[in-house]
Every structure is written in C-alpha cells, then in structure tokens.
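*Asks:* To start, I am sharing the structure in question, which I have written as structure tokens.
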Amino acid sequence: MEVPGGYKHFVWNALNNVLPTKNNLLKRKVTEDSLCPVCKREEKDVKHALWCCLAVADVWAEAESPVRKWRNQVQDFTSLWMELIKRLSKGCLERIVAIMRGIWGRRNAFVFENEFGCPSKMVRSALVFLEEYKEATLRMEGRHTRSEVSREDKRWKRPVPNKYKLNFDAAIDLTNRMIGIGIVVRDCNGEVMVVICTRKDHVFSPFIVECLALKRFIKLCKELGFWSVMMKGNAKGVIEAVLAEEKHESKNGQLIEDTKRLFAQGLHWTLGFIHRE
C-alpha cells in the first residue's frame, strides 16, 4: 500500500489487537470499564472502535467512503480486514486505511480534548492528506530519477513536421494552498503558438487541480483545431491515471474518466510525462 509508514503500523496494531482500546486498557487495569467513551453502549474493542460504533457508522456512510453500503456488524477486525482485501482495489484499500486512521484520531480528540469532528470533514481531511502524501512521494521519486537522465534528454525537442507540442507544468505550494499552472504550445519550427499562465488559490487537492488543468488543455487543443499534438507535463499521477486502461476507482474517478473520454477524441494526440527542468 502507498500510505505513510505510521498508517501501516496502525493497521498492524489493529490486526494484533494492541491498540489502546477501552477493552485492552481494562485488561491492563488502566481503566475501570470497557464501555466505548463515545456511544457508551458497547464494549470498545478494535472492531467497535473502527467499524461497529454508531458514531463510526456515520463516517463509513459518507459519500466518499468506498464501503458506505456495507453492513456494520463483523466477527472481528481480522475477518473485516480480510474481506476488505478481497473485495476492494488497492486504491480503495488505501483510502480505507486513511479513514480508519482519521477515525482513531477523532476518537482521541474526543477523549483528551472533548472535541468530536463531523464525519464529512474528517473523511475529507483524511483523503486530502493521503493525496498530498502520494503527490509528495511521486515528486521525491522524480528527483531521484532526474539525476539519472542526461542533459541532452531533458532539453526541449521540437515535434515532427505538421505536429504541435504542448508542454504544461504545475507548481504547488501546499503551505499556502496555491498552485501555478502554465502551458506553452509550439509548432514543428519551435515557434510559440499559445502561452497561458494561471493561478489557483484555496487548493485542497493538487491531484484534482492538475487533472482539471489537463482537461482544460485538451479542450483548448480542440477549440484551436490542434488535432496533431504531443502533450508533455510533469503531473505524473494524473498522466498515469489518464493513460491507464482500467477504470479509475477513487473519489476522483469521474473526473479521470471524463478526461480520458475527452483525450480519446484526438486520434493523433499523445500524452507523456517529462521531468521539470
């Protein structure tokens, strides 16, 4: 799974029943009862804390949850985990882990700070963090790969005769929630045909912004009648998702599929990843 190491350790603790649930704390004589501190109805073990509690059921019922129609009664957490592995794709399983970690964090905030976040905000925050982690990982991989690429390979190369080349780039500032997007279209002689620069504020998902940018670039090619175009950009995750043959199973799936259908309209369009200079 492409999730932070702490998330993997969290799942390992849950599977081995070593999370500090009320049930486990009672066994260690740290607390006097094992009732769930949230619903105060049932004994709080791992499966109750992460799946069966009524307050947790509200989280799993959210629109962005991959399991919103699943039943909330299970034998134990291990059997639940095996069912998740069996029925869900890798991407959906990663989202489940992120949400579970968010559920545990929300529970701790309630116990120690008397704060209880709403389900929708908790799910959104968990999934945005996961996307940012993946984006940062891809960029780190790009930096390592870049050192292996020769300067000659990184230089801009003009397209073949009667073909245009579109280069797009996105620079992300996660601290200030901003993203800058640029696009340049050149002909086979290297002459600049189109230049566009724009900035997006209040960005919560770099992946979505980059995908929307690519979708806009494709529409621009249609509007200008550029039907023979080489598209190159550094949004690796978006490019791989658009070029993938299988259906994208995530909360961004509809956006990816729309971009795929739009891109498929250009029989002489190509799309590829290129490292930023």
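*Asks:* Here are the criteria: (1) surrounded by 14 or more Cβ atoms within 10 Å (Cβ to Cβ); (2) closer than 26 Å to Ala241 by Cα. Tell me which single one Gly117 does not satisfy.
*Replies:* Evaluating Gly117 over (1) surrounded by 14 or more Cβ atoms within 10 Å (Cβ to Cβ); (2) closer than 26 Å to Ala241 by Cα leaves (2) as the failure.
*Asks:* I would also like to ask the following. What number of residues within the range 172-198 are in contact (Cβ under 8 Å) with a residue 40 or more places away in the chain and surrounded by fewer than 15 Cβ atoms within 10 Å (Cβ to Cβ)?
*Replies:* Going through the range 172-198, the residues in contact (Cβ under 8 Å) with a residue 40 or more places away in the chain turn out to be 174, 185.
Those left that are additionally surrounded by fewer than 15 Cβ atoms within 10 Å (Cβ to Cβ): 174.
Total satisfying the criteria: 1.
Here's the yes/no breakdown for (1) closer than 21 Å to Leu138 by Cα; (2) among the aromatic types (Phe, Trp, Tyr):
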site	(1), (2)
Cys188	no, no
Ser205	yes, no
Ala213	yes, no
Leu220	no, no
Phe226	no, yes
Ala235	yes, no
Leu243	yes, no
Gly253	yes, no
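*Asks:* Here's another thing I want to ask about it. Across the range 16-32, which residue is modelled with the lowest pLDDT among those that are exposed (fewer than 14 other Cβ atoms within 10 Å of the Cβ) and within 29 Å of the chain's Cα centre (by Cα)? Please lay out each step first, then the result.
*Replies:* Narrowing the range 16-32 to residues exposed (fewer than 14 other Cβ atoms within 10 Å of the Cβ): 16, 18, 27-30, 32.
Subset that is within 29 Å of the chain's Cα centre (by Cα): 16, 18.
Values: Asn16: 92, Val18: 89.
Result: Val18.
*Asks:* Next question. Pairs only if they're at least six apart or on different chains, beta carbon under 8 angstrom, first in the range 204-221 and of a type in the set (Gly, Ala, Ser), second crowded, with 22+ Cβ neighbours inside 10 Å and assigned to a loop (DSSP other than H, G, I, E, B); list them, first residue then second.
*Replies:* Ala213/Ala235
*Asks:* For residues that are farther than 18 Å from Thr21 by Cα and among the hydroxyl-bearing types (Ser, Thr, Tyr), scanning just the range 65-114, find the one that is surrounded by the most Cβ atoms within 10 Å (Cβ to Cβ).
*Replies:* Ser65
*Asks:* Has the range 221-237 got any residue that is touching a Pro at 6+ places or on another chain (Cβ under 6 Å), aliphatic (A, V, I, L, M) and within 18 Å of Gln265 (Cβ to Cβ)?
*Replies:* Yes.
*Asks:* Just wondering, is there one or more residues in the range 45-64 that are over 28 Å from Glu132 (Cα atoms), surrounded by fewer than 20 Cβ atoms within 10 Å (Cβ to Cβ) and not hydrophobic (A, V, I, L, M, F, W, C)?
*Replies:* Yes; the residues of the range 45-64 include at least one that is over 28 Å from Glu132 (Cα atoms), surrounded by fewer than 20 Cβ atoms within 10 Å (Cβ to Cβ) and not hydrophobic (A, V, I, L, M, F, W, C).
*Asks:* Next question. What number of residues within the range 259-271 satisfy the criterion of being out of contact with any Cys (no Cβ under 9 Å at 6 or more places or on another chain) and in contact (Cβ under 8 Å) with a residue 24 or more places away in the chain? Before you say what the answer is, go through the steps one by one.
*Replies:* Looking only at the range 259-271, we keep the residues that are out of contact with any Cys (no Cβ under 9 Å at 6 or more places or on another chain), and these are 260-265, 267-268, 270-271.
Checking which are in contact (Cβ under 8 Å) with a residue 24 or more places away in the chain leaves us with 262-263, 265, 267-268, 270-271.
Of the residues in that region, 7 qualify.
*Asks:* Can you pull out the helices (runs of 4 or more DSSP H) entirely within the range 33-125 that have at least 2 residues that are assigned by TED's automatic domain parsing to the domain that holds Asn252, over 18 Å from the mean Cα position of the chain (by Cα) and under 22 Å from Gly253 (Cβ atoms)? Step through it out loud before you land on a result.
*Replies:* Numbers: elements: 54-60, 77-87, 90-113.
Per the criteria, no element qualifies.
*Asks:* Identify the residue in the range 239-264 that is modelled with pLDDT under 90 and polar (S, T, N, Q) and, among all such residues, is farthest from the chain's Cα centre (by Cα).
*Replies:* The extreme case among them is Gln254.
The values are calculated or read from the model by the stated rules, or taken from the named source; none is laboratory data. Bear in mind the structure is a predicted one, so any value in this text is a computation, not a measurement. Glycine also receives a Cβ, built like all others from the backbone with ideal geometry; neighbour counts cover every protein chain displayed.
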